[in-house]
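Notes to accompany the following structure.
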Amino acid sequence: MADIDRVGIVGGAGWLGTAIARALLDTRTVPSDRLTCSFRSKKPETALACVWTQDNAQLAENSDIIILSVRPGDWNTIKISAAGKLVVSVMAGVSVEAIKRRTGSSRVARALPNAAAEIGFSYTPFFVESSNSEDANTIAALFGCCGAVDQVDSENHIDYFTGMTGSGAAFPALLADAMMKDALARGLPEDLARRAAQQVLIGAGRLQEHNGLSPSETVRSFVDYKGTTAAAIVAMQENGFYDTVAAGLQAAIQKARALQETNSYGNENEVE
Ligand SMILES: NC(=O)c1ccc[n+]([C@@H]2O[C@H](COP(=O)([O-])OP(=O)(O)OC[C@H]3O[C@@H](n4cnc5c(N)ncnc54)[C@H](OP(=O)(O)O)[C@@H]3O)[C@@H](O)[C@H]2O)c1
């Protein structure tokens, strides 16, 4: 495993920043005195046992690896000088080029965890531009604390994954919600419909993990069984299920690209 140096998380008081910080501490990947988190308005009341600061310049000084975890809309307010340091952004829609310009670093990565990072079940693809051959291993070790990690060789893949996996848990939840609404429309009691939809969601994930099949193979095995599940799958497919999912992912890509356009023209002179 790569040696992790001092880590700083800009926006460490936020939802994702805290999830990453907690995973780094819980897995002892980074000792508490080598992890600095910054906050803007308020240090969390149940703050993790690490170094806290409201000063991002101090965070940058204290860190060899800087994780940027503020909302894309706040990105243009971040002023850090990180020349020579590894900078890893988890922000949706902020390009490597924009991060290089603003931070002065030439070792820049984009990683995209999802909501399951909080429980160690994220899928985190990352893209890195760096002449330091150790940086990819370092990033894999950092985000390995929060779940599964894959390096991708094109920044475009990160924009795609912003919609597909960054939105992560939302889509199976959407399917379960649709099933629950159908059950309610057919007169089932709400608590029963809720419990049923919830357990289908959890059971499907566990089964998928257990059987080791790809999602396509799982679908195929149900279709081949030619029972009620096959009837439902075929009807959903004929009613545009795949097209609907593709349209949703396309909308997410467009949103990620629009964010990128908005966030790529920060004023380089603001870098301190
Ligand atoms: N949530 C997800 O599942 C997810 C998944 C993939 C990627 N992301 C990306 O992760 C980033 C963070 O998302 P989030 O859900 O964690 O948002 P969040 O809960 O709103 O956290 C952002 C944090 O950044 C703080 N902040 C803003 N400007 C700051 C500054 N100058 N210095 C220090 N802290 C500052 C905010 O402080 P205040 O309290 O003052 O606002 C807030 O605590 C976003 O760019 C998002 O695109 C999120």
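The values are calculated or read from the model by the stated rules, or taken from the named source; none is laboratory data. Owing to the predicted nature of the structure, the values given are computational and were not obtained by experimental measurement. Virtual Cβ from ideal backbone geometry, glycine too; neighbours counted across all protein chains shown.
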Collect the residues in region 84-138 that are more than 11 Å from the ligand (Cβ to nearest atom) and under 12 Å from the mean Cα position of the chain (by Cα), keeping them in residue-number order. 120, 121, 126
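Residue-by-condition table, conditions (1) outside any helix (DSSP H, G or I); (2) under 27 Å from residue 195 (Cα atoms); (3) among the charged types (D, E, K, R); (4) at pLDDT 95 or above:
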| site | (1), (2), (3), (4) |
| --- | --- |
| 141 | no, no, no, yes |
| 149 | yes, no, no, yes |
| 153 | yes, no, yes, yes |
| 158 | no, no, no, no |
| 161 | no, no, no, no |
| 167 | yes, yes, no, no |
| 174 | no, yes, no, yes |
| 178 | no, yes, no, yes |
| 181 | no, yes, yes, yes |
Of the listed residues (25, 35, 48), the one being without any contact (Cβ under 8 Å) to a residue 40 or more places away in the chain, in contact with a Pro (Cβ under 9 Å, 6 or more places away or on another chain) and more than 9 Å from the ligand (Cβ to nearest atom) is 25
Given (1) buried (at least 19 other Cβ atoms within 10 Å of the Cβ); (2) assigned to a helix (DSSP H, G or I), residue 37 misses just (2)
Answer residue from region 51-83, given it is more than 23 Å from the chain's Cα centre (by Cα), in contact (Cβ under 8 Å) with a residue 24 or more places away in the chain and in a helix (DSSP H, G or I) and is nearest to the ligand (Cβ to nearest atom) among those: 57
In region 219-268, residues that are of a type in the set (Asp, Glu) and either at pLDDT below 95 or in contact with a helix residue (DSSP H, G or I) (Cβ under 8 Å, 6 or more places away or on another chain) (or both) total 3
Going through region 92-128 one residue at a time, which ones are part of a loop (DSSP other than H, G, I, E, B) and in contact (Cβ under 8 Å) with a residue 60 or more places away in the chain? 92, 93, 94, 95, 104, 113, 120
Which one of 57, 111 is out of contact with any Asp or Glu (no Cβ under 8 Å at 6 or more places or on another chain) and at negative phi? 111
